[in-house]
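S.K.: Structure incoming, see below.
The values are calculated or read from the model by the stated rules, or taken from the named source; none is laboratory data. Remember, it's a predicted structure, so these values are computed and weren't measured experimentally. Cβ placement follows ideal geometry from the backbone for every residue including glycine, while neighbour counts extend to all protein chains displayed. Surface accessibility is based on the protein's heavy atoms, side chains included, excluding ligands, DNA and RNA. Shrake-Rupley method; radii C 1.70, N 1.55, O 1.52, S 1.80 Å.
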Amino acid sequence: MYKSNYKKSVIKLNDEQQDILAGKQGKMVAKCFQTMLDIGETMGATRMVPTTFGHITGTFALAPFTGYYELLDKLVEEGCRVKVPTTTNPHPGREFSFLNRSLYRPQIHHEECMSKLGVIQNYSCAAYFEENMPEFGSIGACGESSVVVYMNSVFGARTNIWGVLTDFYQSISGYTPEFGLLLDENRVGEVLFDISSLNNPDPDALGLFVGKRAVDRTPVITHHDFDKYQLKHLLSAANSTGAARLVHIEGVTPEAPDLKTVFDGHQPKEIIKVTQSDLDAMRSTKQVLDKTDVIVYGCPQMTLKEVLDLAPNFIGKFVKKRTLFSMMPRDFELLKHYPQYEQLQLAGIEIVPACPLTYLTAREKSLQNVLTDSGKLHYYLAGAEFASTEDTLRVAGVK
């Protein structure tokens, strides 16, 4: 259990919280709450506040991580269950290769534990498109980067970014310490990105650029009518190259109806005029593209709509490079009822309802050079080069 020697505050507990800490809801629930209490006091929080939603990061059962599984087993043994609707991060792609079957040996037992703990087993890093759509201002505890930034930015819900187990502890105890992005003063815009000169900005390239330049400051982007699918890519990329857990877009995200409001009446600390050359600089050169072994789409995972939108580029053709679509499991099942499911496979597309980062982290030599139009996958996966969707299609030989 976490104990800090660097506490910045003392949190006063109410009667219900005192009872939890005293073990009246069970020893493991008390330990979960105690850990979050200690973290809260280390971060200077003054209150523990109830959560209404959660999202679990630790869904990859890597064989060496025995301590994690032992803790989950203890939670199960004591009969613990999550107190708030809690979704789950993607499957790791255990069946993708022999190497993954070895690395993720405990996966089946791990998912049995998830079921017993009462989580929603959606296994998606885009849970905000399905079972986990919180109300404005609601408080949660999420550990997946794309979920955190989407919840904060698009729904106007409030969550900090949490690591493995701490996200679980909050769903089990029902409480989170109030600090960081749960506080009004930490949600004010700081850096303005002026994209008025861009006609149709690539969301992934823009996200990579925004995260890189904003670093740990809260970015604000001038108005553009991004749809929810474009926002998914923009936000996940921005939260990869930087610490953009919250991104405001003028007239689009709920806390940014106008620039005066989002900056709380103050001037931006910096104004950055974004040019097309800035976005082009995020992409790989032709020499790099020519070395591609495998092309990967879907990080965050693809929705049914995104697959159907991309499918016409492949139908009736056959790819020249190995090409993978990483899909949300729910939408993968829906795709099976469409003719594109078979047509894509006839074109040589492999559809994997899992996380590309995990199933490609350890990979054979024939898949070393990855090409993707995902800013997030480019940043996190070693050997993954970034290109526009059009360039990936050309490399695949279908354009």
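S.K.: Given the chain, what whole percent of its Cα pairs are spread farther than 37 Å?
M.R.: It works out to 24 percent of all Cα pairs.
S.K.: Can you work out ³J(HN,Hα) from phi for every residue in the stretch 293-305, in order, using Karplus 6.51 cos²θ - 1.76 cosθ + 1.60 and θ = phi - 60°, giving whole Hz and x for Gly and Pro?
M.R.: With the stated coefficients, the stretch 293-305 comes to 9, 8, 10, 10, 10, x, 7, x, 4, 6, 8, 4, 4 Hz.
S.K.: Same structure, new question: Taking H placed 1.01 Å from N in the peptide plane, check which residues at least 5 places from ASN122 or on another chain put their amide H under 5 Å from its amide H.
M.R.: Correct list: THR88.
S.K.: Further question on the same structure: Can you give the angle from 0 to 90° between the axis of helix 203-214 and the longest principal axis of the chain, with both taken from C-alpha atoms, to the nearest 10?
M.R.: 50
S.K.: Something else now. Could you give the Stokes-Einstein D for the stretch 216-285 in µm² per second, using the C-alpha Kirkwood radius, 20 °C, 1.002 mPa s?
M.R.: On the way: Rh = 13.2 Å.
Translational diffusion coefficient: 162 µm²/s.
S.K.: At 1.4 Å probe radius, can you tell me the per residue accessible area of the chain in Å²?
M.R.: On a per-residue basis, the chain sits at 42 Å².
S.K.: If you rank TYR229, TYR379, TYR175 by how much accessible surface each has, with a 1.4 Å probe, what is the order from largest down?
M.R.: Listed by decreasing accessible area, they come as TYR379, TYR229, TYR175.
S.K.: Hey, what does the equivalent ellipsoid look like for the stretch 90-130, semi-axes from the Cα gyration tensor as sqrt of 5 times each eigenvalue, largest first, whole Å?
M.R.: Working from the Cα gyration tensor, I get semi-axes of 21, 15, 5 Å.
S.K.: Could you pull out every residue, at least 5 positions away or on a different chain, whose amide H is within less than 5 Å of the one on PHE193? Hs are placed 1.01 Å off N in the peptide plane, and Pro or chain starts have none.
M.R.: Answer set, sorted by chain and number: VAL220, ILE221, THR222, ILE272.
S.K.: Among the lysines, which have Cα under 24 Å from the Cα of LYS12 when same-chain residues fewer than 8 positions away are ignored?
M.R.: Filter leaves LYS3, LYS24, LYS27, LYS31, LYS83.
S.K.: Accessible area, 1.4 Å probe, largest first: how do LYS12, LYS83 sort?
M.R.: LYS12, LYS83
S.K.: With all protein chains present, how much of the accessible area of the chain (probe radius 1.4 Å) comes from carbon and sulfur, to the nearest whole percent? Before the final figure, lay out each step's value.
M.R.: On the way: 8880 of 16930 Å².
Heavy-atom surface of the chain belonging to carbon and sulfur, 1.4 Å probe: 52 percent.
S.K.: In addition: Can you grab the distance from the C-alpha centre of the stretch 305-372 to the C-alpha centre of the stretch 191-266, Å, no decimals?
M.R.: The stretch 305-372 and the stretch 191-266 have Cα centres spaced 29 Å from each other.
S.K.: I've got another one for you. Using a 1.4 angstrom probe with every protein chain in place, what is the largest-first accessible-area order of LEU344, LEU183, LEU165? Walk me through the intermediate numbers first.
M.R.: On the way: LEU344 0, LEU183 45, LEU165 20 Å².
From most accessible down to least: LEU183, LEU165, LEU344.
S.K.: Greater than 25 Å separation of Cα atoms is the criterion. Which listed pairs, LYS286/LYS321; LYS228/LYS286; LYS228/LYS291; LYS74/LYS232, meet it?
M.R.: With Cα atoms farther than 25 Å apart: LYS228/LYS286; LYS228/LYS291; LYS74/LYS232.
S.K.: Determine ³J(HN,Hα), in whole Hz, for all residues of the stretch 252-266 in sequence, where each value follows from phi through the Karplus function 6.51 cos²θ - 1.76 cosθ + 1.60 and θ = phi - 60°; x replaces Gly and Pro.
M.R.: The phi angles translate into 10, 7, x, 8, 10, x, 7, 5, 4, 5, 5, 9, 6, x, 9 Hz.
S.K.: Where does helix 107-116 land angle-wise versus the long Cα axis of the chain, in degrees 0 to 90, nearest 10?
M.R.: 50
S.K.: When the dipole is taken about the Cα centre of the chain, and only Lys, Arg (+1) and Asp, Glu (-1) are charged at their Cβ, what size is it in debye, to the nearest 20? Don't skip to the end; give the middle numbers.
M.R.: Details: 41 positive and 47 negative charges, 181 e Å.
Rounded to the nearest 20 debye, it is 860 debye.
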